[in-house]
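In what follows, a structure is listed as C-alpha cells, so that the remarks can point back to it.
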Amino acid sequence: MPSNTKIEVRRSPRRRRTVSAYRDGDTTVVLVPATFSRAEEKRWVGRMLQRLEAREGGRHSGDTELQERAVELARRYLGGTELPDSVRWVDNQNTRWGSCTPDTRTIRISRRLMGMPAWVVDYVLIHELAHLFHADHGRAFWALVHRYPKADRARGYLEGYSAAIRTEPCGHGGEAAEHGLDDGLDDGEIALDDDTDGQGS
C-alpha cells in the first residue's frame, strides 16, 4: 500500500460481528463495530489492509479481459446482436454483483466476484447482457438468462455466498474486504443484487 494512503475508521453501532474495508480514492475506509476496543480496532485495521493488498495483488483479469469475455458470452448465448460498449470492474458495489445501464450500454461488475469460479462471473455477465435486450426482469428476460446452462447453479452459489457473509463472525468475516460505497442506482441503471432470488436482481 502506498505510504500516502489515508486510513479512515468508521464505527457503527449497527455493525456487531463483521469488519469490512474498501478503497475510496486515496483513502482506505475500515468499518468496525462500535463495541470494539482501541486494541481490537488497531488489530483489525491491520488485518483488513493486508487482505485488501492481497486481493488487489492477485487481480489478473482487467477491464479489457472482462469486456472481451462479455462479448464472447453475448455471441455464444445471446446471438451477438446486442453488445456492450463498456464492461468494467468496480469497487463501489457492496449489495449487488453487477449493474447495467441499457441507454449507454454500460455494464459494471463488482470486484467482489474476483476469485470466484469463472462460471459464476459468466452468469453475472450474462444477467447484465440480457438487460441490453430487456430492461425489466420479465419472462423474456429470464428466458435469455437461462440460455446460460449454469445459470441456476451460479445463482445458488451467490445466494450461499451472501448468506455466509451475513452470518460469519468478525473473526472470519473479512473476506469480502472491499465492500463498496453507497449503492444508490444511477438513472436508468439496473442491478443484480446480493440476494439473487430472481425478483430484485
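The values are calculated or read from the model by the stated rules, or taken from the named source; none is laboratory data. Since this is a predicted model, take the numbers as computed values, not measurements. Methodologically, a virtual Cβ is constructed for each residue, glycine included, from the backbone with ideal geometry; neighbour enumeration extends over all protein chains shown. When the accessible area is computed, the model is the full protein with side chains, heavy atoms only, and any ligands, DNA or RNA have been set aside. Shrake-Rupley method; radii C 1.70, N 1.55, O 1.52, S 1.80 Å.
In the stretch 112-123, which residues are buried (at least 23 other Cβ atoms within 10 Å of the Cβ) and either over 22 Å from ALA163 (Cα atoms) or in contact (Cβ under 8 Å) with a residue 60 or more places away in the chain (or both)? If the condition is that a residue be buried (at least 23 other Cβ atoms within 10 Å of the Cβ) and either over 22 Å from ALA163 (Cα atoms) or in contact (Cβ under 8 Å) with a residue 60 or more places away in the chain (or both), then ARG112 is the only one that fits. Kindly indicate the residue of the stretch 43-98 that is out of contact with any strand residue (DSSP E or B) (no Cβ under 9 Å at 6 or more places or on another chain), open to solvent by 20 Å² or more (accessible area, probe 1.4 Å) and hydrophobic (A, V, I, L, M, F, W, C) and also modelled with the lowest pLDDT among those meeting that condition. By that ranking, first place goes to ALA54.
You will find that of THR64, THR101, the residue that is more than 22 Å from ALA21 (Cβ to Cβ), among the β-branched types (Val, Ile, Thr) and free of Cβ contacts under 8 Å to residues at least 24 places away in the same chain is THR64 and no other. All conditions but one from (1) assigned to a loop (DSSP other than H, G, I, E, B); (2) modelled with pLDDT under 85 apply to THR35; the one that does not is (2).
What tally of residues in the stretch 3-17 results from selecting those that are open to solvent by 70 Å² or more (accessible area, probe 1.4 Å) and free of Cβ contacts under 8 Å to residues at least 40 places away in the same chain?
Going residue by residue through the stretch 3-17, those that are open to solvent by 70 Å² or more (accessible area, probe 1.4 Å) are 3-4, 6-8, 10-11, 13-14, 16-17.
Those still in the list that are free of Cβ contacts under 8 Å to residues at least 40 places away in the same chain too: 3-4, 6, 8, 10-11, 13-14, 16.
Adding up the residues that qualify gives 9.
With the requirement that a residue be open to solvent by less than 40 Å² (accessible area, probe 1.4 Å) and either in contact with a Ser or Thr (Cβ under 6 Å, 6 or more places away or on another chain) or part of a helix (DSSP H, G or I) (or both), what does the stretch 129-154 give you? Hits for the stretch 129-154 are LEU129, ALA130, PHE141, TRP142, LEU144, VAL145, ALA151, ALA154.
Name the single residue, out of those in the stretch 18-31 being exposed (fewer than 13 other Cβ atoms within 10 Å of the Cβ) and outside any strand (DSSP E or B), that is modelled with the lowest pLDDT.
So in the stretch 18-31, the residues exposed (fewer than 13 other Cβ atoms within 10 Å of the Cβ) come out as 25-27.
Filter once more, keeping what is outside any strand (DSSP E or B): 25-26.
Working: GLY25: 69, ASP26: 72.
The residue in question is GLY25.
Taking the stretch 67-88 on its own, how many of its residues are over 19 Å from ALA154 (Cα atoms) and out of contact with any Phe, Trp or Tyr (no Cβ under 8 Å at 6 or more places or on another chain)?
Kept after step one, since they are over 19 Å from ALA154 (Cα atoms), are these residues of the stretch 67-88: 67-68, 71, 75, 79-88.
Cutting the leftovers down to out of contact with any Phe, Trp or Tyr (no Cβ under 8 Å at 6 or more places or on another chain) gives us 67-68, 71, 75, 79-81, 83-88.
Total satisfying the criteria: 13.
Residues ALA74, ALA135, ALA151: which one is of a type in the set (A, V, I, L, M, F, W, C), touching a residue at least 24 places away in the same chain (Cβ under 8 Å) and touching a Leu at 6+ places or on another chain (Cβ under 7 Å)? Before the answer, list the steps.
Values: ALA135 fails: touching a Leu at 6+ places or on another chain (Cβ under 7 Å); ALA151 fails: touching a Leu at 6+ places or on another chain (Cβ under 7 Å).
Just one listed residue meets the conditions, ALA74.
For LEU158, are the conditions met, namely being buried (at least 21 other Cβ atoms within 10 Å of the Cβ) and modelled with pLDDT of 85 or more? The answer is yes for LEU158.
Which residue, of ILE126, ILE107, is outside any helix (DSSP H, G or I) and either in contact with a Cys (Cβ under 9 Å, 6 or more places away or on another chain) or closer than 22 Å to SER162 by Cβ (or both)? Let's see the steps before the verdict.
Numbers: ILE126 fails: outside any helix (DSSP H, G or I).
None of the other options fit; the residue is ILE107.
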